[in-house]
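Worksheet: one structure, shown below.
The values are calculated or read from the model by the stated rules, or taken from the named source; none is laboratory data. Since the model is a prediction, treat every value here as computed from it, not as a measurement. Note: ideal-geometry Cβ built from the backbone for every residue, glycine included; neighbour counts use all protein chains shown.
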Amino acid sequence: MISSFVITGFLGVGKTTLMLNSIKEYFSDRKIAVIVNEFGEVGIDGKILKNVYSEVLEISEGCICCKLSQEFEKGVIEIIKNYNPEVIFVETSGTSEPFPIFLSLQNLGISVEGIICVIDAKNFDTYKDHATAKYQIGGSNILVLNKIDLVSEEELQKVEKEVREYKEKYNLKNVLTGEIIFKTYALYKAQYGKLPKEVFDGVYKIEDIVKIGEEGIPSAHPLKKNDFSQRIVYLPENVEFKEIDKYLANVPENVYRIKGIIKAKDLPTPVVVNYAFGDLTFQELPSYKGRSFLVFIGSNLSNKQIIQLN
Ligand SMILES: Nc1nc2c(ncn2[C@@H]2O[C@H](COP(=O)(O)OP(=O)(O)O)[C@@H](O)[C@H]2O)c(=O)[nH]1
Ligand SMILES: [Mg+2]
């Protein structure tokens with residue numbers, strides 16, 4: 001039986017980092033397929049992963065948790081046919097919820113070994129009121145408080161308490177019987193998504209056969225449909241890095257997330273830009289041949305909040 005892990009969590013919390021670190025650490029000798037569902041039209045994570053793994057199914061037009069479940073299932077079947085993986089990792093977009101993906105995988109006879117919800121220990125406060133964040137915690141059985149390097153012991157205790165309360169409150173229930181769907185959950189604390197081996201040993205395998213009609217699946221999306229918006233900006237070839245850096249040093253508050261790959265005339269190699277809630281990192285990507293672009297995700301984005309280049 002093919003096994004799978006679903007990795008969920010809000011925008012920029014460290015899902016891709018956790019997935020890559022886990023695969024490198026514990027699955028280097030296994031045949032892995034990775035499915036990435038990036039919010040919006042351009043799947044940047046897919047581009048980065050393509051340089052590392054041979055099989056990436058990138059479903060970028062929309063969200064696998066609602067409209068695209070058929071497409072998701074079709075994609076999974078294709079990957080199995082073409083690649084025959086032993087383990088499938090699915091990274092949901094920051095704005096989708098994991099439960100329908102779990103149902104789809106189960107439908108296809110794939111064993112779900114864990115639904116991992118990555119939580120940004122530093123920024124939980126800034127996004128915890130979004131309905132999606134609640135459903136992501138409620139619909140997972142492994143909670144990971146990530147980015148613990150960015151918080152004090154006190155802050156960490158506070159966020160752990162809040163997250164556990166959220167889990168109790170928003171734990172996914174069968175609407176027909178009122179029973180909790182995932183009987184137990186585990187909570188880990190991590191830096192860069194580094195988790196102990198036990199997480200991947202099958203101890204958290206979800207064997208519950210969930211039978212709920214479509215109308216019975218609770219969903220965050222009807223509540224908050226157009227909470228997020230996204231803009232994609234393609235940058236000119238002759239752009240200077242310092243112009244981009246100037247913008248990144250002063251990102252407007254309603255821009256949560258910026259990702260992209262830039263080539264600038266004063267940079268030796270293309271660079272992956274990764275910005276989430278005030279934290280910014282760069283990573284060289286010499287093999288990148290495409291155009292320079294940045295994707296902005298935020299709420300109520302207006303033109304003047306997006307980068308303006310001369
Ligand atoms: N300081 C710190 N940064 C992290 C940690 N985990 C991830 N990041 C950074 O957070 C940013 C977003 O990570 P990514 O994995 O792309 O998030 P995703 O959008 O949830 O897939 C990147 O710049 C990561 O390097 C962590 O534990 N500590
Ligand atoms: Mg990602």
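If you check GLU38 against the conditions, is it surrounded by fewer than 20 Cβ atoms within 10 Å (Cβ to Cβ), at pLDDT below 85 and charged (D, E, K, R)? Don't jump to the end; show me each part of the working.
Numbers: surrounded by fewer than 20 Cβ atoms within 10 Å (Cβ to Cβ): no; at pLDDT below 85: yes; charged (D, E, K, R): yes.
No.
Considering only segment 43-54, I want to know if a residue exists there that is modelled with pLDDT of 80 or more, surrounded by fewer than 16 Cβ atoms within 10 Å (Cβ to Cβ), among the hydroxyl-bearing types (Ser, Thr, Tyr) and part of a loop (DSSP other than H, G, I, E, B). I'd like the intermediate steps shown before the answer.
Taking segment 43-54 and keeping what is modelled with pLDDT of 80 or more, we get none.
Checked segment 43-54: no residue is modelled with pLDDT of 80 or more, surrounded by fewer than 16 Cβ atoms within 10 Å (Cβ to Cβ), among the hydroxyl-bearing types (Ser, Thr, Tyr) and part of a loop (DSSP other than H, G, I, E, B).
Can you name the residue in segment 1-11 that is among the small types (Gly, Ala, Ser) and crowded, with 24+ Cβ neighbours inside 10 Å and, of all such residues, is farthest from ligand 2 (Cβ to nearest atom)?
SER4
Being within 13 Å of ligand 1 (Cβ to nearest atom) and either surrounded by 23 or more Cβ atoms within 10 Å (Cβ to Cβ) or in a loop (DSSP other than H, G, I, E, B) (or both) is the filter here; which residues of segment 17-34 pass it? Show your work before the answer.
Within segment 17-34, the first condition is being within 13 Å of ligand 1 (Cβ to nearest atom), and the residues that meet it are 17-23, 34.
Correct list: LEU18, MET19, VAL34.
Checking GLU97 against (1) closer than 16 Å to THR8 by Cα; (2) assigned to a helix (DSSP H, G or I); (3) not aliphatic (A, V, I, L, M), only one condition comes out false. Which one?
If we test GLU97 against (1) closer than 16 Å to THR8 by Cα; (2) assigned to a helix (DSSP H, G or I); (3) not aliphatic (A, V, I, L, M), just (2) comes out false.
Hey, among the residues in segment 292-310 that are free of Cβ contacts under 8 Å to residues at least 60 places away in the same chain and surrounded by 13 or more Cβ atoms within 10 Å (Cβ to Cβ), which one's nearest to ligand 2 (Cβ to nearest atom)?
Filtering first and then ranking leaves SER292.
From PHE102, PHE89, grab the single residue that is closer than 27 Å to ASP201 by Cβ, crowded, with 18+ Cβ neighbours inside 10 Å, within 16 Å of ligand 2 (Cβ to nearest atom) and not polar (S, T, N, Q).
Numbers: PHE102 fails: within 16 Å of ligand 2 (Cβ to nearest atom).
Sole residue among the options that is closer than 27 Å to ASP201 by Cβ, crowded, with 18+ Cβ neighbours inside 10 Å, within 16 Å of ligand 2 (Cβ to nearest atom) and not polar (S, T, N, Q): PHE89.
Take the residues of segment 131-166 that are outside any helix (DSSP H, G or I) and touching a Lys or Arg at 6+ places or on another chain (Cβ under 7 Å): which is nearest to LEU187 (Cα to Cα)?
The initial filter retains those residues of segment 131-166 that are outside any helix (DSSP H, G or I), namely 139-147, 151-152.
From the residues that got through so far, the ones that are touching a Lys or Arg at 6+ places or on another chain (Cβ under 7 Å) too are 143, 145, 147, 151.
Values: LEU143: 5, LEU145: 7, LYS147: 14, VAL151: 17 Å.
Residue satisfying both the conditions and the ranking: LEU143.
Can you list residue pairs whose Cβ atoms sit under 7 Å apart, with the first residue in segment 6-17 being within 10 Å of VAL90 (Cα to Cα) and in the same structural domain as PHE296 (by TED's automatic domain parsing) and the second being more than 9 Å from ligand 2 (Cβ to nearest atom) and among the charged types (D, E, K, R)? Count only pairs 6 or more apart in sequence or on different chains.
Close Cβ pairs satisfying both conditions: none exist.
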